[in-house]
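Notes for the one structure printed next.
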DNA sequence: TTTAGTAGTTTCCTATAGGAAACTACTTTC
DNA sequence: GAAAGTAGTTTCCTATAGGAAACTACTAAA
């Protein structure tokens with residue numbers, strides 16, 4: 001059960017799963033891409049959470065030599081080990097949403 | 001990705017996964033059992049989180065006709081649909097912990 | 001030279017999550 | 001009748017998570 005603590009210490013917060021999920025399906029995205037794709041997140045949180053994820057080697061950050069400067073975020077090989085977990089979370093969430101919906105129809 | 005929001009709205013907080021994991025492996029436990037098994041949790045949080053989980057039909061609460069009164073908490077059938085998710089989370093956490101350990105040995 | 005795009009950082013604020021400790025209430029045992 | 005066990009609730013407090021808005025800094029296009 002301590003393992004759950006370890007996992008959640010990296011994945012806690014409102015946005016981590018979102019960011020990871022978006023990067024897993026989108027492969028590489030810029031800062032603005034993420035800001036647009038992740039509904040409701042602001043620049044401060046996105047920046048901070050990306051730093052967290054980068055520190056833990058779940059996400060890589062590459063500054064591109066372009067004008068204007070662009071930055072590419074992508075999921076690392078290590079980050080990909082979370083794919084099935086995030087898939088299951090999303091699947092469960094979908095099923096839950098459906099069950100609430102059918103409940104409300106009664 | 002909205003599905004992740006839905007899932008996390010039920011599972012957010014420091015203790016939900018712990019409680020669910022403990023109930024999945026322990027089957028039925030009393031309030032004091034949970035308090036003893038979940039390291040660090042206090043009565044207030046345990047009580048509040050159990051109420052949340054019960055409201056969402058993930059955990060069932062049964063008052064037993066004993067003296068002194070005892071209450072049995074157990075995972076519901078619906079709650080069991082989270083088993084594989086929690087398993088994977090724990091597995092991932094274990095692997096992560098091992099990788100940090102071997103990193104520190106270098 | 002002003003506008004718009006890139007990628008953030010900083011400041012200020014508030015809501016809430018969560019902890020510690022004390023308390024209720026009831027019963028049985030010592 | 002005091003202590004210890006059941007299962008919580010209540011109060012008080014603080015740390016932090018997270019949001020809004022303004023700001024930096026650089027470049028290209030208009």
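Taking the stated definitions as given, is residue A:101 within 13 Å of another protein chain (Cβ to nearest Cβ) and out of contact with any helix residue (DSSP H, G or I) (no Cβ under 7 Å at 6 or more places or on another chain)? Spelling it out, residue A:101 is indeed within 13 Å of another protein chain (Cβ to nearest Cβ) and out of contact with any helix residue (DSSP H, G or I) (no Cβ under 7 Å at 6 or more places or on another chain).
Taking the criterion of being touching a helix residue (DSSP H, G or I) at 6+ places or on another chain (Cβ under 6 Å) and under 21 Å from residue A:33 (Cα atoms), the residues of region A:75-88 that qualify are A:75, A:83, A:86. Taken over region B:81-106, the criterion of being surrounded by 15 or more Cβ atoms within 10 Å (Cβ to Cβ) and in contact (Cβ under 8 Å) with a residue 12 or more places away in the chain is satisfied by B:82, B:86, B:89, B:90.
Residues that are buried (at least 16 other Cβ atoms within 10 Å of the Cβ) and at the interface with chain A (Cβ under 9 Å from one of its Cβ atoms) within region B:6-55 comprise B:6, B:7, B:8, B:10, B:11, B:17, B:18, B:21, B:22, B:37, B:38, listed in sequence order. Within region B:65-80, the residues that satisfy the criterion of being surrounded by 11 or more Cβ atoms within 10 Å (Cβ to Cβ) and within 8 Å of DNA strand D (Cβ to nearest atom) are B:70, B:71, B:72, B:73. Of the helices (runs of 4 or more DSSP H) entirely within region A:4-106, those holding at least 2 residues that are under 25 Å from residue B:16 (Cα atoms) occupy A:16-26, A:43-55, A:77-80, A:83-105.
Quick note: the coordinates plus some simple rules give every number you see, no bench work behind them. What you are looking at is a predicted structure, and each value in this text was computed from that prediction instead of being measured. Here Cβ is always computed from backbone atoms with ideal geometry, including for glycine, and neighbour counts include all displayed protein chains.
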